[in-house]
Amino acid sequence: MRPVRSAGPQLDKLIRRDQLEAARASLQQSLPINGLLGLASCLVAIHSGHGTLGGVWFSASTAVNLLRLGLCRAPCPGLATPTDGTSSGETAARSIDWHLQLACLAALLSGLVWAFLPALCDGYTSGQTLFYLTVTCGITAGAVTHGTSFARIPICFITPPLLSAAGCLLAAGGFDRICLAATVLLYLTALIRSTIATEKTFRETSRLKYEATVLAEARKAAHASASALAEEMHQQATHDGLTGLLNRTGFTQRAEARMAASEAICLMLLDLDGFKLVNDVYGHTMGDRVLIEVARRIRSALPAECDIARLGGDEFAVVFERSRVIENPVALAERLIWTVTEPFDSFDAGRLGMSVGICQWPTESLTHLLSCADEALYAAKHAGRNHFRLFDDGLRRRLEMRRECERGLSQALAEGALKVWFQPIFGRDGRSVTSLEALVRWHHPVHGWVSPPDLIAAAAMAGLTESLLRFILEQVCTMLCALRSRNLDDLSVAMNVSPREMAQIPVDDIILARLQTLGLPTAMLEIEITEETALDIDAVQGKLLALSRAGIRVALDDFGNGYSSLASLRQLRADRVKIDRSLVTGLTEAEDKRELVQAVLGLGRALDLEVVAEGIETADDLATLQAMGCPFMQGFHLGRPQPAEDILRSLEDLADRPRPIHLHGSRPSF
């Protein structure tokens with residue numbers, strides 16, 4: 001049996017309540033047996049010529065039994081009132097102790113009555129001695145058997161009659177009686193030890209019961225808290241915190257669902273005219289109030305069948321199925337413009353306007369639909385304030401011209417115009433480099449620096465997704481070889497793999513084959529996937545599993561910007577999560593962001609995941625993250641992306657110096 005652990009005061013009160021309840025129940029079962037044995041003893045006394053004495057004894061025994069029965073059935077506030085820390089709970093706990101003490105006194109009184117049993121057999125010297133000794137041993141053994149919950153009650157009952165029997169046997173003298181007296185005392189000792197042991201067992205069982213209950217309640221509360229956190233994170237991920245409208249993630253989900261259900265989709269992109277001036281003149285607080293009011297006006301002006309989103313800044317989006325909205329999109333756009341340009345109480349009328357781009361062409365993807373609507377919005381803004389524009393053939397031709405980058409990507413790859421730069425990731429001290437992230441760069445001869453998302457989209461449109469992946473992988477492997485040659489193989493390098501790459505090409509086979517050919521350890525490579533990849537787990541899970549089993553680490557980028565990543569971490573076999581820069585930027589001033597970041601850090605500790613905060617651009621945000629215990633950090637404030645040769649020189653300088661240094665370098669102008 002496990003020893004009874006020390007229980008807290010509150011737990012001890014609950015255990016004592018269980019002891020009282022069990023003692024009452026067992027006593028009500030044993031009292032009838034006590035009465036029957038008393039009656040048998042009285043009848044034997046009458047038969048042996050001690051009728052008067054037997055009758056007096058039996059009357060006393062019956063009276064005490066009735067008293068004990070009354071105490072068992074007497075109301076006890078402690079059995080009906082919770083024994084918590086309140087004043088009523090303390091009163092209830094005291095009532096339980098009081099009833100236990102009364103039960104002990106009543107048991108002692110009953111034991112004293114049975115201690116006079118030798119008077120019915122001339123001090124255990126008559127012919128009825130064997131009968132009365134047997135009754136005494138039987139009733140004391142029964143008291144111990146039934147009194148398992150609270151040892152003092154059976155001890156108070158059994159001690160007087162057994163001591164009385166031993167004393168009478170010793171007084172009678174004779175070797176046999178003296179040995180029998182010693183046996184009775186030994187029997188008493190054994191019964192006392194037994195009842196103490198059974199009470200310990202009872203208390204341990206009761207303690208385990210309450211601890212299990214507390215654990216179950218704690219698990220239930222933790223589950224409720226986790227569900228609430230997940231719901232909050234989902235709300236944060238799909239809705240704009242300022243206006244309450246859908247954000248870009250939520251809008252993407254709704255729009256794609258509508259496109260899956262119907263081909264006749266209309267998308268409207270709305271952009272405020274003159275909002276920057278409002279911010280500059282009246283301040284960002286007023287700007288936020290204006291955005292909230294604009295969101296309210298847009299919502300009230302549109303049919304309920306429309307989904308409305310704030311995509312960021314002063315840009316809004318509306319999507320609906322044309323079959324479910326009777327009003328013409330042009331009429332809707334005019335009404336929206338009129339609604340937004342109504343005077344505001346906070347500043348001069350006419351200061352704020354709105355431009356609208358409309359696309360209702362059937363398209364194969366939301367990305368294409370957004371590109372078309374964005375082209376229409378650009379044309380509307382170019383026409384002046386408070387205009388709308390429908391996407392038409394003219395805009396389609398211009399959009400095609402703007403996709404020169406896509407057509408020039410193949411030549412850029414062939415001529416080596418693309419570059420891979422590397423940005424360091426730092427430890428908690430913000431000074432020691434722990435790993436690198438590879439970032440692809442392209443300086444277009446006409447359009448200048450092309451951002452990585454645009455580059456990946458261009459590769460997809462040009463059918464060069466696999467070629468781009470192989471190019472980036474080759475540059476990363478070159479960096480890994482350089483690190484090994486400089487005894488820096490404790491550093492790993494992360495490369496981003498887009499959702500399209502992960503879904504459409506054998507990423508796992510390509511990467512593993514190249515590492516094996518070059519003899520590079522898999523532990524030096526890390527794959528970063530975005531949350532969008534997590535939305536289609538079935539398409540990528542097998543590839544990620546193969547990479548993970550080979551020893552390549554998997555990191556989930558942009559974490560905290562959506563819901564699916566929270567539910568899919570283990571399925572994606574992620575070793576690391578990177579907190580989205582939207583939660584890190586301005587962290588010091590935003591309490592809600594700090595709470596979410598702290599939640600992600602706690603989740604990382606609970607699931608044994610490394611957590612990286614990206615997008616650190618100020619010393620204040622860095623200090624806040626360090627105070628919160630963030631283990632890994634990345635951002636322009638710590639170190640900018642640099643060409644391979646520059647980052648290698650910086651790493652060598654760092655290795656040669658007694659103290660780590662910050663890595664800073666040039667970066668593209670986008």
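Each reported figure results from applying straightforward, stated rules to the coordinates on display, with no laboratory input. Bear in mind the structure is a predicted one, so any value in this text is a computation, not a measurement. Backbone-built Cβ (ideal geometry, glycine too); neighbour counts: all protein chains shown.
Summary of values
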{"item": "Cα gyration tensor shape of the stretch 404-648, rounded if a/c is under 1.5, else prolate or oblate by comparing a/b with b/c", "result": "rounded"}
{"item": "Rounded to 5, the percent of DSSP beta bridges in the chain classed as antiparallel", "result": "60"}
{"item": "Fully extended contour minus Cα-Cα distance, from I33 to E466, at 0.36 nm per residue", "result": "147.0 nm"}
{"item": "Global geometry of the chain, whether rounded, prolate or oblate, following the gyration tensor of its Cα atoms and the 1.5 cut on a/c", "result": "prolate"}
{"item": "Neighbour net charge for A103 - beta-carbon separation under 9 angstrom, K R +1, D E -1", "result": "+3"}
{"item": "Cut-off 12 Å (backbone N to label point 7 Å along Cα→Cβ of A171), residues of the stretch 113-157", "result": "116-125"}
{"item": "Acute angle (nearest 10 degrees) that the helix 591-607 long axis makes with the longest principal axis of the chain, alpha-carbon atoms", "result": "60"}
{"item": "Eligible aspartates and glutamates near K13 by straight Cα distance, threshold 13 Å, same-chain separation 8 or greater", "result": "E21, D84, E90, D97"}
{"item": "Neighbourhood charge, 11 Å Cβ-Cβ cut-off, centred on A224 and excluding it, Lys, Arg +1 and Asp, Glu -1", "result": "0"}
{"item": "Taking the stretch 9-218 and dividing mean pair separation by its residue count, relative contact order in percent (alpha carbons under 8 Å, at least six apart)", "result": "23"}
{"item": "Debye, to nearest 20: dipole size of the chain, +1 on Lys, Arg Cβ, -1 on Asp, Glu Cβ", "result": "2680"}
{"item": "Fully extended contour minus Cα-Cα distance, from A331 to E415, at 0.36 nm per residue", "result": "25.2 nm"}
{"item": "Relative contact order (%) - criterion: Cα under 8 Å, at least six apart; region: the chain", "result": "8"}
{"item": "Positive-end extreme of charge dipole, the chain - chosen from N487, N34, A115 (charges on Cβ)", "result": "A115"}
{"item": "Angle in degrees between helix 248-261 and the longest Cα principal axis of the chain, rounded to the nearest 10", "result": "80"}
{"item": "Principal-axis tilt of helix 87-115 within the chain, Cα atoms, nearest 10 degrees", "result": "30"}
{"item": "Ratio of the Cα radius of gyration of the stretch 248-401 to 2.2 N^0.38 Å, where N counts its residues", "result": "1.02"}
{"item": "Cα-centre dipole for the stretch 9-218 with unit charges at Cβ (Lys and Arg positive, Asp and Glu negative), debye to 20", "result": "60"}
{"item": "Relative contact order (percent, whole number), the stretch 404-648, Cα cutoff 8 Å, 6+ residue spacing", "result": "20"}
{"item": "Gain upon complete extension [Q10, Q235; 0.36 nm per residue less C-alpha separation]", "result": "77.1 nm"}
{"item": "Cross-link partners of K381 among lysines (Cα-Cα below 25 Å; sequence separation of 8 or more within a chain)", "result": "K276"}
{"item": "With at most 15 other Cβ atoms within 10 Å, longest stretch of the chain clear of loop GluC sites (Glu not before Pro) (DSSP)", "result": "1-262"}
{"item": "Among I472, A574, C306 - extreme Cα towards positive end, dipole of the chain, charges at beta-carbon", "result": "A574"}
{"item": "Net charge of Cβ neighbours under 13 Å - reference A257; Lys, Arg +1; Asp, Glu -1", "result": "-1"}
